[in-house]
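Structure first, commentary second.
Read the figures in this text as sums done on the coordinates, not as results from a lab. Since the structure is predicted, the reported quantities are computational estimates derived from the model, not experimental observations. We place every Cβ from the backbone using ideal geometry, glycine too, and count neighbours over all the protein chains shown.
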Amino acid sequence: MQIDREYERSFKIEINRKVINTPFFFPAISSIKTNLKIEEYTELIQKIGYPSFLISSYDIFHADAMEKNNLIEIVSQSTDGEITTLLDSGHYEAFWYHDTEWSFENLESILDKITVDLCFSFDNVFDDTENLEQHIKDTITNTAKTAGIQKSGTTIPLIHSDPKSFPKVIHDVIEGINPEIIGVPERELGLSIFERAAMVKRIRDELDKTNQQIPLHLLGTGNPISILIYSICGADMFDGLEWCKTVAIPKTGHLFHFVQKELIDCNCTACKIKDIPYHTQTMAHNLVFYGEFVEKIQESIKNEEIDRILNDYLEQKHKEKIKKIAGLK
């Protein structure tokens with residue numbers, strides 16, 4: 001992997017002959033609160049030509065034998081092709097399924113067979129009753145163990161914390177294992193969008209102090225306005241399920257209920273296609289939107305037009321608040 005900082009707020013990441021320009025969005029695929037089979041989501045992403053996806057090791061592990069082998073083949077072929085693949089550690093699904101038996105060994109059994117570009121380390125969930133130094137040590141250990149069994153690609157340490165401890169935890173994890181990218185769950189950054197944006201800025205400042213080029217991935221960030229705000233404040237990569245659960249409104253960046261696509265007037269390439277199922281067209285529309293939206297943010301950063309893109313999507317008072325948090329004039 002090669003990481004170069006092309007502009008103050010963006011990176012160029014080369015992985016396995018593929019290039020990611022940040023900000024970058026991974027459409028997440030999960031069995032939680034979704035309606036289609038995992039294979040159907042991967043098939044749609046491939047047909048649309050979207051350049052990436054995130055898939056859960058939990059869902060692959062719990063698939064029946066035939067489906068498991070098929071998913072492993074789909075992901076591995078995507079990795080060897082033009083799609084950047086990100087394997088999730090499985091904690092999200094285990095949490096929602098109340099599965100207390102999900103283990104590192106389960107993740108290991110998948111990593112032993114699959115080829116991926118990126119993989120999150122096995123979670124070391126933060127417990128405020130736990131000694132912070134021990135939590136940091138265990139996070140480093142989990143990252144090293146995951147990297148040790150990952151036969152291809154890069155391991156991203158998945159860092160859990162409470163907001164007040166994040167800067168120290170991140171500083172110590174970087175010192176302990178020298179990661180190329182770090183991952184942080186958005187939900188743990190604070191209660192409000194402004195709190196979370198401020199924490200992203202603090203984390204970015206901490207990363208920049210290392211004099212290394214370390215992109216920041218926010219887990220569970222699929223809201224377009226949040227992606228815009230966090231990108232301006234220092235985050236680089238995102239994933240979320242919103243692409244298959246809501247409808248993106250291109251003009252505003254807002255999300256409507258999944259059944260409301262017919263209420264918007266859209267002329268994107270997906271919406272021009274006739275005689276395809278509603279759910280397929282809606283998700284295809286969303287993928288087209290996310291691809292174009294992050295490219296728009298990239299261009300605004302490249303051309304130093306951040307003020308203009310914030311004007312497009314935020315009210316003046318909110319724009320000024322975000323600029324202040326991000327340290328912009």
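The conditions of being of a type outside the set (Phe, Trp, Tyr), part of a loop (DSSP other than H, G, I, E, B) and surrounded by fewer than 18 Cβ atoms within 10 Å (Cβ to Cβ) are not met by Lys321. Entry remark, region 24-58: residues being farther than 17 Å from Leu118 by Cα and not hydroxyl-bearing (Ser, Thr, Tyr) number 15 in total. For region 134-149, filtering for residues that are basic (Lys, Arg) and surrounded by fewer than 16 Cβ atoms within 10 Å (Cβ to Cβ) leaves 1.
Residues in region 238-263 that are assigned to a loop (DSSP other than H, G, I, E, B) and either in contact with a Gly (Cβ under 9 Å, 6 or more places away or on another chain) or surrounded by fewer than 16 Cβ atoms within 10 Å (Cβ to Cβ) (or both): Leu241, Lys245, Lys251, Thr252, His254. When the residues of region 191-214 are filtered to those that are part of a loop (DSSP other than H, G, I, E, B) and not small (Gly, Ala, Ser), the one that is surrounded by the fewest Cβ atoms within 10 Å (Cβ to Cβ) is Asn211.
One residue stands out in region 104-137 among those that are part of a loop (DSSP other than H, G, I, E, B) and among the β-branched types (Val, Ile, Thr): the one that is farthest from Ile60 (Cα to Cα), namely Thr129. In region 74-103, the residue that is nearest to Val19 (Cα to Cα) out of those that are of a type in the set (D, E, K, R) and assigned to a helix (DSSP H, G or I) is Asp80. Would you check if there is a residue in region 152-160 being out of contact with any Ser or Thr (no Cβ under 8 Å at 6 or more places or on another chain) and either surrounded by fewer than 16 Cβ atoms within 10 Å (Cβ to Cβ) or part of a helix (DSSP H, G or I) (or both)? No, the conditions are met nowhere in region 152-160. How many of the residues making up region 65-91 are out of contact with any Phe, Trp or Tyr (no Cβ under 9 Å at 6 or more places or on another chain) and not hydroxyl-bearing (Ser, Thr, Tyr)? So the answer is 13.
Restricting region 6-34 to residues that are surrounded by 15 or more Cβ atoms within 10 Å (Cβ to Cβ) and among the basic types (Lys, Arg), the residue that is farthest from Asn211 (Cα to Cα) is Lys18. Residues in region 165-190 that are farther than 19 Å from Asp127 by Cβ, without any contact (Cβ under 8 Å) to a residue 60 or more places away in the chain and in a loop (DSSP other than H, G, I, E, B): Asn178, Pro179.
If only residues of region 44-73 that are outside any helix (DSSP H, G or I) and closer than 23 Å to Thr282 by Cα are counted, the one that is farthest from the chain's Cα centre (by Cα) is Gly49.
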